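What follows draws every value from the coordinates through simple rules; no lab data is involved. In this text, all values refer to a predicted model and were calculated from it rather than measured experimentally. Quick reminder, even Gly has a Cβ in these numbers, built from the backbone with ideal geometry, and neighbours come from all protein chains shown.
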Amino acid sequence: MCLAIERGAYHVILILNYDYLNDEVINKVNEVMIHNNVRKLVLHVISSEGRPTYLEKLRTVLSSTFPYSLVVRYWGSTVDDLVKIIKLYRNESMIALVSGDAQEFKGVLEGFSINYELLGVRAYA
Amino acid sequence: MPDYEVVITTDRTMMSNHHGKEFLGFLTTGPAVGLPEKVYMWLAAPKVKVDYEGKPIEAPYGLRKVEAKLIDEGFKAAIIDPDYLSRYVSSVKVLMIGHHDFFAYGPPSNEWWLITGREPINRLSFMKFMRSDAVVEAKRRGAKIIVGGPAAWQWLWELKFWKECGVDMVVEGEVERVIADIVRKALDGEELPDYVLVGPNDTPSLSEIPVIKGASINGLIEVMRGCPRGCKFCSVTLRPLRFIPLDTVKEEIEVNLRSGNSNVILHGEDVLLYGGYGVKPKPDPVIKLHELARKMVKGSIAWSHTSLASVKYSEDNFKLISKLMSEYVLSDYQEFIGVEVGIETGSPRLARTIMPAKAAPYPPDMWPEVVEDAFSIMHENNVIPAATLIVGLPGERGDDVVKTAELIDRLKPYRSVIVPMFFVPMGALRNRDWFDKNYVTSEHVDLMLKVLNHTLYWAEDILERYYMKEQHLKPARLLLKLFMSYIKWRIGKVVPTIATMIAR
Ligand code: SF4
């Protein structure tokens with residue numbers, strides 16, 4: 001189901017539970033790209049805000065001049081939606097970024113042994 | 001009537017040749033002031049001729065590239081004039097819509113919007129088009145809507161409208177390598193991503209860029225993509241620099257000639273850098289390009305953009321501007337050439353910070369001198385620049401604005417129009433207070449008045465001497481004169497208010 005431009009991309013699952021720091025996402029995404037030496041990124045978004053409203057939170061990310069291709073897909077808001085992404089992209093390079101406190105999502109990620117990082121930790125501490 | 005499954009289109013402000021005068025297209029970026037909206041639309045964006053299928057004879061170049069790529073890949077695709085879209089609502093499965101400035105968030109639309117407090121007509125016209133029966137019906141029947149172009153990012157600020165229109169995907173960047181795959185997936189009913197940003201690594205190579213199949217607006221054809229100057233506020237510079245080979249240029253001029261377009265606009269971020277070394281123009285390829293254009297085209301030759309450093313360097317070292325103008329451009333049919341250039345700032349400090357290679361091969365500290373010399377060279381050679389300034393850049397100080405104003409003073413003797421662009425954070429457009437708070441420092445106001453006076457003075461001169469002299473353009477010329485008188489009158493009225501603002 002993916003476009004040719006998504007092949008060989010690095011996959012980031014973005015769980016947007018709460019407001020989070022835009023700059024932090026940009027920095028994190030940059031870090032992931034440089035660390036893994038990849039030139040394409042697919043953002044898989046889980047958010048309760050629905051399509052296309054969730055994109056409001058990605059404006060800064062999409063407007064920053066990244067030197068690579070970026071694809072954004074929306075999957076829904078539930079744990080089942082997260083499981084769907086993981087199953088479909090299990091064999092791809094992947095990391096999850098979780099904003100706010102999302103206990104059940106973290107449980108799923110851990111269950112599937114998906115690396116994840118928490119966003120806005122400092123903001124919520 | 002063929003059943004096109006992929007229809008490519010846009011609204012009237014884009015689908016127009018602006019009476020054959022590109023500069024008139026700028027009127028679409030403002031609100032209809034001083035004239036009834038219908039008259040203003042006719043002046044700024046008259047309808048284009050179409051064939052029996054509703055396909056425009058001339059269409060925006062970007063849409064032509066997409067059309068060519070899809071046809072080459074075997075799709076039943078065509079560009080359709082917005083007035084004829086209703087004929088295809090039952091056949092269209094993918095509706096592709098492109099624009100330079102969907103919602104007027106780009107310059108200079110955003111300035112007009114801020115200054116007048118009224119929405120520009122490009123925005124109104126586009127939104128009206130998206131709400132038209134034809135678009136709504138195509139969507140209702142299941143067509144996928146894909147929008148794209150250089151202003152694709154603007155949809156991120158219009159999410160309610162995105163939802164209202166049922167846009168399926170937004171795509172940004174050079175799309176030749178990816179568009180056929182996207183359309184195939186859309187036709188197969190696959191789930192599309194919401195947003196695709198095509199990065200430098202996926203930009204097409206020269207062999208992947210197709211030759212257009214139909215004429216472009218006012219004969220515009222691309223001669224290069226990318227720019228090596230690396231200004232910090234510009235995304236074009238991230239993409240690799242590519243020069244379109246002369247054979248392809250020739251083919252595209254032929255396509256235009258076959259449709260009766262006898263003019264050509266050579267499009268590139270810095271046309272004088274065509275075939276050059278890094279940031280240094282090389283005379284031979286530029287001369288060959290113009291030789292070809294003049295041999296083929298009886299009408300006018302224009303440049304879309306060039307850099308002021310290239311103007312100075314190529315004239316100082318090779319007398320290239322005078323040679324191009326006297327031997328290839330100026331003719332019985334053409335008395336001047338118009339081109340967009342970027343001044344951006346008159347402050348060497350700011351130039352060093354935000355655009356360190358804009359003056360190259362000269363050092364950034366020489367930037368004001370480069371600008372002045374280039375303006376003088378252009379004036380001598382009947383090259384008329386439409387120059388941009390960027391006001392309010394992050395880190396700008398009062399003394400930077402003063403330096404820019406001093407530079408504008410020094411540019412007084414040179415025929416040109418100068419357009420200030422405000423560095424505007426999104427969200428500010430609906431809030432005029434923001435503008436008043438951020439752009440009424442006395443330095444800004446002083447600069448803007450200088451720019452306005454400069455532009456109005458030279459715009460009248462240009463209209464008098466050079467512009468729209470053709471018999472059939474007399475009504476449009478008259479309207480334009482009327483419009484300019486109105487603007488002058490309005491400005492006369494607001495200057496005292498501005499003076500009070502400064503005093504505050
Ligand atoms: S010279 Fe113009 S096109 Fe080139 S990087 Fe600077 S702003 Fe962009």
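Given Cβ point charges of +1 (Lys, Arg) and -1 (Asp, Glu) and nothing else, what value in debye, to the nearest 20, does the dipole of chain B about its Cα centre take?
Working: 63 positive and 65 negative charges, 184 e Å.
The dipole magnitude comes to about 880 debye.
Relative to the Cα centre, the charge distribution of the range B:214-503, modelled as +1 at Lys and Arg Cβ and -1 at Asp and Glu Cβ, gives a dipole magnitude of about 500 debye.
For B:GLU380 and B:ASP181, calculate 0.36 nm times their separation in residues minus their Cα-Cα distance, and state this gained length in nm to one decimal.
Values: separation 199, 0.36 × 199 = 71.64 nm, distance 4.99 nm.
The span from B:GLU380 to B:ASP181 would gain 66.7 nm if fully extended.
Percent of Cα pairs in the range B:6-202 per distance bin of 5 Å, from zero to the largest separation: 1, 8, 16, 21, 21, 17, 10, 5, 2, 0.
Here's the picture: a label point sits 7 Å out from the Cα of B:ARG465 along the beta-carbon direction, and within the range B:376-413 the residues with their amide nitrogen under 20 Å of it are B:376-388, B:408-413. Coupling constants for the range B:153-162 follow from the phi torsions by the Karplus curve (6.51 cos²θ - 1.76 cosθ + 1.60, θ = phi - 60°), and in residue order they are 4, 5, 4, 5, 9, 9, 5, 5, 5, 3 Hz; glycine and proline get x.
Give the percent of DSSP beta bridges with both residues in the range A:1-101 that are antiparallel, rounded to the nearest 5.
Numbers: 0 of 20 bridges.
In the range A:1-101, DSSP labels about 0 percent of beta bridges as antiparallel.
The calculated 222 nm mean residue ellipticity attributable to helices in the protein assembly as shown amounts to -12000 deg cm²/dmol, summing -39500 (n - 2.57) over DSSP H runs of n ≥ 4 and dividing by all residues.
For the protein assembly as shown, the antiparallel share of DSSP beta bridges with both residues in that region comes to about 10%. Along the charge dipole of chain B, pointing to its positive end and built from +1/-1 on Cβ of Lys, Arg, Asp and Glu, which listed residue (B:ALA180, B:ALA45, B:SER485) has its Cα farthest out? Selected residue: B:SER485. Ordering B:GLN154, B:MET130, B:PRO285 by Cα displacement along the dipole of chain B toward the positive end leaves B:MET130 in first place; charges were set at the Cβ atoms of Lys, Arg (+1) and Asp, Glu (-1). Think of the range B:6-202 as having a plus end and a minus end, set by charges on the Cβ of Lys, Arg, Asp and Glu; of B:PHE75, B:GLY189, B:GLY142, B:GLY142 sits farthest toward the positive end of this dipole.
Compute, for the range A:4-119, the length of the dipole vector about the Cα centre, with Cβ point charges of +1 (Lys, Arg) and -1 (Asp, Glu) only. Units Debye, rounded to 20. Walk me through the numbers before you get to the answer.
Values: 12 positive and 14 negative charges, 109 e Å.
It works out to roughly 520 debye.
The simple spin-label model puts a point 7 Å past each Cα toward its Cβ; for B:LEU478 and B:GLU369 those points are separated by 5.1 nm. Between A:ASN27, A:ASN115, A:ASN91, the residue with the greatest mean-square fluctuation in the GNM of chain A (Cα pairs under 10 Å linked by springs) is A:ASN91. For the range A:4-119, what D do you get in µm² per second when you plug the Kirkwood radius from alpha-carbon pairs into Stokes-Einstein at 37 °C and 0.692 mPa s? So the translational diffusion coefficient is about 232 µm²/s.
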